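First the structure, in the form of structure tokens, and then the observations on it.
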Amino acid sequence: MKKLIQILIAFLTITQISFAQVRIVKELDSDWKFQKGDFENAFQTNFNDSKWEKVSIPHDWAIYGPFDKEIDKQNVAIVQNGEKVASEKTGRTGALPHVGSAWYRNKFNISAVEKGKKVILLFEGAMSEPQVYLNGKKVGEWAYGYSYFYFDISDFLTEGENTLAVKLTNKEFASRWYPGAGLYRKVSLIIKNKESIDQWGTSITTPFISKDVAKVNIKTNASVENGYLVTTVFDADGKKVSSDKATTKFGTQFDQNIKVENPKLWSPETPYLYKAVTQLFIGEQLKDEVTTRFGIRDIKYEPNKGFSLNGEITKFKGVCLHHDLGPLGAAVNVAALRRQLTILKNMGCNAIRSSHNMPSLEQLELCDEMGFMFLAESFDEWAKPKVENGYHRFFNEYAEKDIVNLVRATRNHPSIVMWSSGNEVPDQWGEEGVKRAKWLQEIFHREDPTRPVTVGMDQVKATMESGFGALLDVPGLNYRVHLYEEAFKKFPQGFILGSETASTVSSRGIYKFPIVQEKDKQYPDFQCSSYDLEACSWSNVPDEDFVLQDDKPWVIGEFVWTGFDYLGEPTPYDEKWPSRSSYFGINDLAGLPKDRFYLYKSRWNKKEETLHILPHWNWEGREGQITPVFVYTNYDSAELFVNGKSMGIQKRNTATPQNRYRLMWMDVKYEPGTVKVIAFDKDGKSVAEQEIHTAGKAYKMVLDPDRKTIKADGKDLSYVTVSIVDEKGIPCPTATNQLQFKVTGKGKYRAACNGDATSLEQFHLPTMKAFSGKLVVLVESLKEAGNIELTVTGKGLKTATVTLNSTK
Ligand code: GAL
């Protein structure tokens, strides 16, 4: 018996090795050499890069700054914003040094065995216009910085050391926001047999779903003469569900149908994931193995009913997100993405739109796991320009290739429920644009017959006339709340999506008096008021969207602009230096919630109570002056007290959109002390209360990490929120102390961010001013496990320390 077990173990080990060896994915993440500038010979193997900076990938060369007003200064009229006369836009692309060329070089080894294999070099994004060289020879190039692309480099490889060199070039006037710069997403080598499954060769759909059974269809492209395919489906616990062997190929494609009994459906509430392991055999020999995670879920878009997920009418409670991660720039980071999604989940958000380009694969994986529906977008420009050096330069040559790669690389993510071929493209004007809309939509349909396509339209009148809006699967309206009714009547689809909504502007913790609902409002300090009443000439406050979402069953949801502030596009201060990042976010650039977070939470998160008071209550000098108090809550009515005196009961009503969604006490006069709110249920019973207090002098800091234990992988991050408080622990909402950070132990200081859109402090330097009493420090793990200590100091403040730890 013992012998048998030994043989069995030996056999298993051998098969495991052979399984493991059929396909190796090597992430090229470390030991890169980087240099900004152009170098004629940097593609050559023997080029001397010893003096270049050593970096790891993902990397964003521009995020380290410094901010500079002159960088990518654009003297333009932003036509989409209704501007007719050109003016100087300073922080439009973030004022960070992303313009210019740079080189990355990496040396990696290929063994004798690997030399005989098929090797794919995969880039998940390279900003931008990558030129790729291997061992002194040009392998290929791409154009769009957001695309995933790959090359078969088998014939370029040599046994032993290989030298990869990548040149990237970012032109000025090429973007409307901070694009980032460099190899900001993963680069990997996929080493497999010559007879193998194609790159992105698996396509999984679930064409039939009932309570008892789901049909899982798996199409696999494999460029092999003969052979057969075995696909096994496993449930989330790793238990085998069923399996199928396919011996017939149709062209280069195997087509399998696998039965899953009692399927567990994927949804934002229950993001259940299955796994399909596909093995390619030739004779007895296993040649390749690919694992694909997928979900079983049903999506439908129907006239007058709208969107349903697994048979249930579901509205998109979505946000648009740019790809940058604030202080990390564009360099993709799983911990940063997960934190964003955790914050959004808590707000009750159920959907993300990757505006206006391809999402990172990491973000899609997290959305699959955490339960977010996804609207994956491709372009901000087609053939007609928005910016001088934008995507229109590449459109004719690349649009199809870019869409093909987007769909093939991401189609198995259950989170994706819709594609978008464009955002506010100027091609909405004119006949050519109608043809382009159709052409692009048909490419999406050819590549993925299961999901519809939208375009975020701002020229709604024009698209009603031209047929542009009528031909789309999903008509997406960007803003234009006054045109929803007309669009619904004129467009044939029978529903409307708020593909982009609100664009309300605010700065965390900043309030302006007297409060006014105004468009394009500017203040001398280049901040926006957090009473959430300010928007742009083309946009609106959240409540106006809520009315449509609630009263029109044919509105299938909204994607709010934006979930988080992002670098660049500092509207309404596009012309004002030093504004360099957006004011649109529901959360600020540091990921700290603005008041609006609670307004959305109060309607989106049905599981938790929301009872949030604004503004803060530190208004020295405003004693006796009108200082309105708003409460964002899911309760219908509440009573407000200032220092124990009732300010009366407010109840939701329909007088204005604001009255319907906020409780507002407009006549409160400021006196320092305590503001307390008591909320009532439908029967008038008091059910919840909340209070805020006037803070005393800044005294110490409270450090609050989002995660105390992180992975010792040199990439993971803990986001530590630093709040300045008084002696009693009451947050000091106006504190702006300059703070210093020190990390010791098995971690390092990575960056800080305070959410102030006008701050020119560099994120990676270990000092920053607090903004509205807070900032966030990012602590990064090392590859060694152990304790990590963050110490924060500030003049006049008690030093604060927090201990984190990292584990393997
Ligand atoms: C939209 C546009 C977005 C952003 C936004 C700001 O028109 O699609 O990219 O510019 O306006 O309000």
Label zone at Lys795, where the point sits 7 Å out along the Cα-to-Cβ direction: the range 725-766 residues whose backbone N lies under 11 Å: 737-739
Within 9 Å, Cβ to Cβ, of Ser420, how many net charges do the neighbouring residues add up to if Lys/Arg are +1 and Asp/Glu are -1? 0
For the range 40-52, just list the computed ³J(HN,Hα) in residue order, Karplus coefficients 6.51, -1.76 and 1.60, θ = phi - 60°, integers in Hz, with x standing in for Gly and Pro. 4, 9, 5, 7, 7, 4, 8, 4, 8, 10, 4, 8, 6
Can you give the extra length, in nm with one decimal, that the chain gains between Val687 and Asn310 once fully stretched, where that is 0.36 nm per residue apart less the Cα-Cα distance? 132.2 nm
Whose amide H sits under 5 Å from the amide H of Phe294, counting only residues 5 or more places off or on another chain, with H placed in the peptide plane? Tyr274, Lys275, Ala276
Equivalent-ellipsoid semi-axes (√(5λ), Cα gyration tensor) for the range 615-759, whole Å, largest first? 37, 20, 14
Find, among the GluC sites (Glu not before Pro) in the range 680-749, those assigned to loop by DSSP (not H, G, I, E, B) with at most 13 other beta-carbon atoms within 10 angstrom. Glu727
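In debye to the nearest 20, how big a dipole does the chain give about its Cα centre with +1 on each Lys and Arg Cβ and -1 on each Asp and Glu Cβ? Show your work: numbers first, answer last.
Numbers: 103 positive and 103 negative charges, 364 e Å.
About 1760 debye.
I'd like the chymotrypsin sites (Phe, Trp or Tyr not before Pro) in the range 386-455 restricted to DSSP loop residues with at most 16 other Cβ atoms within 10 Å, sorted by number.
Values: sites: Tyr391, Phe394, Phe395, Tyr398, Trp419, Trp429, Trp439, Phe444; in loops: Phe394, Trp429.
Passing both the DSSP loop test and the Cβ count: Trp429.
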Once the dipole of the chain is set up from charges on Cβ (+1 Lys and Arg, -1 Asp and Glu), the residue from the list Trp538, Ile209, Asn109 lying farthest towards its positive end is Asn109
Net charge contributed by nearby residues that have their C-beta within less than 14 Å of Gln690 (K/R +1, D/E -1): -4
Fewest-first ordering of Val319, Val453, Val702, Val260 by Cβ atoms within 10 Å yields Val702, Val260, Val453, Val319
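Contour minus end-to-end for Asn226 and Glu388, with contour as 0.36 nm per residue of separation and end-to-end as the Cα-Cα distance? All intermediate terms of the calculation are to be shown ahead of the outcome.
Working: separation 162, 0.36 × 162 = 58.32 nm, distance 5.05 nm.
Length gained, Asn226 through Glu388: 53.3 nm.
By counting other Cβ atoms within 10 Å of each Cβ, how are Phe208, Phe468 ranked from fewest to most?
On the way: Phe208 13, Phe468 27.
Least to most surrounded, the residues fall as Phe208, Phe468.
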Could you tell me the calculated FRET efficiency between Glu284 and Thr252, based on Cβ-Cβ distance and R0 = 30 angstrom, to the nearest 0.05? 0.85
Do any of Lys682/Lys708; Lys73/Lys769; Lys192/Lys264; Lys118/Lys167 go past 31 Å between their Cα atoms, and which? Lys682/Lys708; Lys192/Lys264
Under 13 Å Cα-Cα from Lys685, which aspartates and glutamates qualify once same-chain neighbours fewer than 8 residues away are excluded? Asp636, Glu639
Taking the Cα centre of each part, how many Å lie between the range 525-576 and the range 203-234? 43 Å
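Quick one: of Lys69/Lys171; Lys54/Lys137; Lys219/Lys401; Lys607/Lys669; Lys748/Lys774; Lys607/Lys676, which pairs are farther than 27 Å apart, Cα to Cα? Mind dumping the intermediate values first?
Numbers: Lys69/Lys171 17 Å; Lys54/Lys137 23 Å; Lys219/Lys401 20 Å; Lys607/Lys669 34 Å; Lys748/Lys774 21 Å; Lys607/Lys676 23 Å.
Where the Cα-Cα span goes over 27 Å, the pairs concerned are Lys607/Lys669.
Counting other C-beta atoms within 10 Å, and keeping those with at most 12, which DSSP coil trypsin sites (Lys or Arg not before Pro) do you find in the range 29-125?
On the way: sites: Lys33, Lys36, Lys51, Lys54, Lys69, Lys73, Lys84, Lys89, Arg92, Arg105, Lys107, Lys115, Lys117, Lys118; in loops: Lys51, Lys69, Lys73, Lys84, Arg92, Lys117.
Passing sites in the range 29-125 are Lys51, Lys84.
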Positive-pole candidate from Tyr583, Ser602, Val25, dipole of the chain, charges at beta carbon: Val25
Hydrophobic long helices for the chain, i.e. whole DSSP H runs reaching 27 angstrom or more by Cα along the axis with Kyte-Doolittle mean at least -0.5, come out as 2-21
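In this model, which of Lys519/Lys601; Lys249/Lys287; Lys594/Lys742 are farther than 20 Å apart at the alpha-carbon?
Working: Lys519/Lys601 24 Å; Lys249/Lys287 16 Å; Lys594/Lys742 27 Å.
Too far apart for the 20 Å limit: Lys519/Lys601; Lys594/Lys742.
Would you please give the FRET efficiency between Glu465 and Tyr523, computed as 1/(1 + (r/R0)^6) with r the Cβ-Cβ distance and R0 = 41 Å, to the nearest 0.05?
Values: r = 39 Å, r/R0 = 0.96.
Taking R0 as 41 Å, the efficiency between Glu465 and Tyr523 is 0.55.
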Provide Arg750, Arg393, Arg580 in ascending order of the number of other Cβ atoms located within 10 Å of each residue's Cβ, fewest first. Arg393, Arg750, Arg580
About the Cα centre, and with charges only on the beta carbon of Lys, Arg (+1) and Asp, Glu (-1), how big is the dipole of the range 700-807? Nearest 20 debye, please. 160 debye
With a bin width of 5 angstrom, please list the P(r) values of the range 154-262 as percents of all Cα-Cα pairs, from the 0 bin to the one holding the largest distance. 2, 8, 14, 13, 12, 11, 10, 11, 10, 6, 2, 0
Hey, could you grab the Kirkwood Rh for the chain? Inverse mean 1/r over distinct alpha carbon pairs, Å, one decimal. 28.2 Å
Solution diffusion estimate, µm²/s, Stokes-Einstein, the range 166-224, Kirkwood Rh from C-alpha pairs, 37 °C, viscosity 0.692 mPa s: 201 µm²/s
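Every number in this text was worked out from the coordinates using simple rules, so none of it is lab data. Being a predicted model, the structure only gives us computed values, none of them experimental. FYI the Cβ positions are ideal-geometry reconstructions off the backbone, even for glycines, and counts take in every protein chain you see.
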